[in-house]
Structures are given as structure tokens and as C-alpha cells.
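Novice: One structure coming up, written as C-alpha cells, with questions to follow.
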Amino acid sequence: MSRFSNIAFVFPGQGSQAIGMCKDIVAAYPVAKETIEHADDMMGFALSKLMFEGPEDELGDTAITQPAMYVCSIAMLRALKIELATIQPTCVAGHSLGEFSALTVAGSLSFEDGLRLVRERGRLMKEAGEKHRGSMAALLGITSEKAEALVKSASEKTGKPVVIANDNCLGQIVISGDNEALAAAVDMAKEYGARRVLPLAVSVATHSPLMQSAKEEFTKLVQETAFIAPSVPIYANVTAKPIKTIEDIRTELEEQITSSVRWTQSIQAMIDAGIDTFVEIGSKNILTGLMRRIDKTKTAIAINDVSTLQAFVQDYS
């Protein structure tokens, strides 16, 4: 019997992309190769070439990054299932875009529908970013309460929106919004307790009111998509509570584009539900690093290439 009993699969989102992502998994596992080839056919161009070879600026384009991240996580998950056919997480969650991978793994969303949704989500968010220019910054060493006060003050000062986009872990908050309002928040950040401020190299102010036009168009697509009730609970970004119904899924995906990602609270809710092992499946290991900041007593494992996948399989068995 495996020593892992209460496992959550977690899936990364935008920002975890990297040239070469899942290339060795695709070379080692035919099911992963089939997944990538199917995605290339659906996209109508060689998404895999951008994933494996870049260039970095093209892979970093939100309209490319979103489908690339989704396809990478699903390809890796399918490879894992070849090695461990009976493995079943107790629950799942995804950080922002990663929520679509979580929905697919929970049986709520087909791979094909998932890829269509993330492709359109990326396109719509890129368009919204071109219409309403914004940016993002990470605040380190600040509490969520102080960050909330900071963005409120900056919004009032400029008359423009800036909000908390991601509550990633203790001491790491990402803010997002209009360029003028974000600049004001950055200028005042140390007054509110931020130890460091790191502007992010993005041109799209995700999880902010600047994405409203993307939300409106994406809502139509979500309403037209067939979902199935999840086989395991999916902890939602917006509420940090488990999604259990099809209506919950639609509400989550519609609201998520303009709402904060409550990642810290989602992880804590899963821990409260008995989860003691978090397995990150996808490019890099960003969520695993956040997990160690949220609760060092829990096991955090990243599967992002053949060696880490096989090490987990050996450990699991």
C-alpha cells in the first residue's frame, strides 16, 4: 500500500511556462505525444514547437501560454496514469489557468473542450489587455490586510482600478490593474509593509476589472460548453471552497477572470479537509514553492519531467 493516502493534484498557471516544457515526457510516453499532436491539430499550428523551442517572447504571449500550459499538464498527467493507473487524488485545484487542468482531471471537462476554452480565454484576455493597458507587481513581506488597504488607497488616489490578483502564500501578494493606479500602489507599497516590490513582465492585468470585456465574451463560451459534475472536489480560486456542481463550475470560470485567486485560502481549506500531500503537475515547481511557504509540515512534490515523474512513481509504489 502506498504511503500517500490523502493527495491533492494541483496545476500551475501562467508564469510557469518554460522553453522545453514537457519535451522529455513527450519523447518517453506515447500517450503524451498523442496529446501534444492532437493539440497541434486543434490549434491549427505547431504549438508543440513553441513549447519545445520557443522563442520565449512568443511562448510568453498570453494567447499561446494558456493553451501551452493546459496541454503540458494534461500530457504529464496522462503519462503519470500510464505508470500508476489506479492513482486517484482526493481533490484537485489549479492556480488561475490551472483550474482548467483540474476540471479535466476531475472528469468535468473534456480535453477538447478544455483546449478550446483556454485558447479563447487567452485570445480574449490578450484583446482586453490591448484595449485597457495594465500591469502587475508582486509584493513581498506584506499581509493580505495591508495589501487590501494599499490597493484601496491607490485606487482612490488615481480614480483607476488596482486590486489584489493573487494571494499566493504568506508574504506574497500579486496586485494588478491600470498602469497609473499600479504605479501609485508600487510607490506606496513600503509604507504599507512590503519588504520588496517586483514589477512583473506582463502587459495584461489579469484578475482585475480591466478584464471585464474578456469576461463577458468568455461567459458566453462557458454557457455553451458541456460540463459533468466532478468526480472529486475541485477547490475554487474565487471562493476557496470545493466545486461540486455544474452550476458551480460555470460560475467559477465566469467570475475567475476578474476575481482574485485565493490560493493561500484554497490550500488551507484542503489541509483542513485532511490533505497531507500536494502533487504539482506541469511546468516548473512554482506551486510547490508556495506550498512550503503556506505549510512546511505538508508534503509538496513537483512532477515536471521524466525524472521527477519516475521518482514519484517509485516513492508512491
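Novice: As an exercise, take the mean of 1/r over every pair of distinct alpha carbons in the range 155-260, invert it, and state the Kirkwood radius in angstroms.
Specialist: Over the range 155-260, the inverse of the mean reciprocal pair distance is 15.5 Å.
Novice: Sticking with this structure for a sec: Looking at the calculated P(r) for the range 134-202, what percent of the C-alpha pair distances fall above 14 Å?
Specialist: 46
Novice: Oh, and also: Would you mind pulling out the separation of the Cα centroids of the range 95-163 and the range 10-61, in Å?
Specialist: Answer, in whole Å: 22.
Novice: Counting only helical runs of four or more DSSP H residues, what would the 222 nm mean residue ellipticity of the chain come to if each run contributes -39,500 (n - 2.57) and the total is spread over all its residues?
Specialist: Taken over the chain, the calculation gives -15500 deg cm²/dmol.
Novice: Residue by residue through the range 26-32, which ³J(HN,Hα) values in whole Hz follow from phi under the Karplus form 6.51 cos²θ - 1.76 cosθ + 1.60 (θ = phi - 60°), with glycine and proline marked x?
Specialist: For the range 26-32, the Karplus curve yields 5, 5, 8, 10, x, 5, 5 Hz.
Novice: Here's something else I'd like to know. Once each part is reduced to its C-alpha centroid, what is the distance from the range 227-243 to the range 287-306 in angstrom?
Specialist: Centre-to-centre distance over Cα atoms comes out at 21 Å.
Novice: Would you please state the base-10 log of I(q)/I(0) at q = 0.15, 0.20, 0.27, 0.28 1/Å for the range 253-311, with intensities from the Debye formula using one equal scatterer on every alpha carbon?
Specialist: Normalising to I(0) and taking log10 leaves -0.52, -0.82, -1.09, -1.12.
Novice: Quick one: which residues, 5+ away or cross-chain, put their amide H under 5 Å from the amide H of residue 280? H built at 1.01 Å from N.
Specialist: 10, 301, 302, 303
Novice: Follow-up question, since we're still on this one. Kindly write out, for the range 220-230 in residue order, the coupling ³J(HN,Hα) from the Karplus curve 6.51 cos²θ - 1.76 cosθ + 1.60 (θ = phi - 60°), rounded to whole Hz, with x marking Gly and Pro.
Specialist: My calculation for the range 220-230 gives 4, 5, 4, 5, 8, 8, 7, 10, 10, 4, x Hz in order.
Novice: Here's something else I'd like to know. Whose amide H sits under 5 Å from the amide H of residue 13, counting only residues 5 or more places off or on another chain, with H placed in the peptide plane?
Specialist: Amide H to amide H, under 5 Å and 5 or more residues apart or across chains, residue 13 pairs with 95, 98.
Novice: Residue 243's amide H: which non-local residues (gap 5+, or another chain) put their own amide H closer than 5 Å, with H modeled 1.01 Å from N in plane and none for Pro or chain starts?
Specialist: 234, 235, 236
Novice: Another question, then. Just need the relative contact order of the chain here, percent rounded to a whole number, with Cα pairs under 8 Å and 6+ apart.
Specialist: Reported as a whole number, the value is 23 percent.
Novice: Test of understanding: ordering 278, 11 by Cβ neighbours within 10 Å, fewest first, what list do you get?
Specialist: Fewest-to-most ranking of 278, 11: 278, 11.
Novice: Over the range 38-156, consider all pairs of different Cα atoms and compute the Kirkwood hydrodynamic radius from their mean reciprocal separation; express it in Å, one decimal.
Specialist: The Cα-based Kirkwood calculation yields 16.6 Å.
Novice: In whole Hz, what ³J(HN,Hα) sequence does the range 40-55 give by Karplus (6.51, -1.76, 1.60; θ = phi - 60°), x for Gly and Pro?
Specialist: Rounded to whole hertz, the list is 4, 4, 5, 6, x, 7, 7, 4, 4, 5, 5, 5, 7, 10, x, x.
Novice: With a Cα-only, solvent-free Debye model of the chain, what are the log10 I(q)/I(0) values at q = 0.07 Å⁻¹?
Specialist: Here log10 of I(q) over I(0) equals -0.25.
Novice: Only bridges with both residues in the chain count here: give the DSSP antiparallel percent, nearest 5.
Specialist: 55
The numbers here are math on the coordinates, done by the rules we state, and not lab data. Here the structure is a predicted model, which is why all the values come from computation and not from measurement. Positions of Cβ are backbone-derived with ideal geometry, glycine not excepted, and every protein chain shown enters the neighbour counts.
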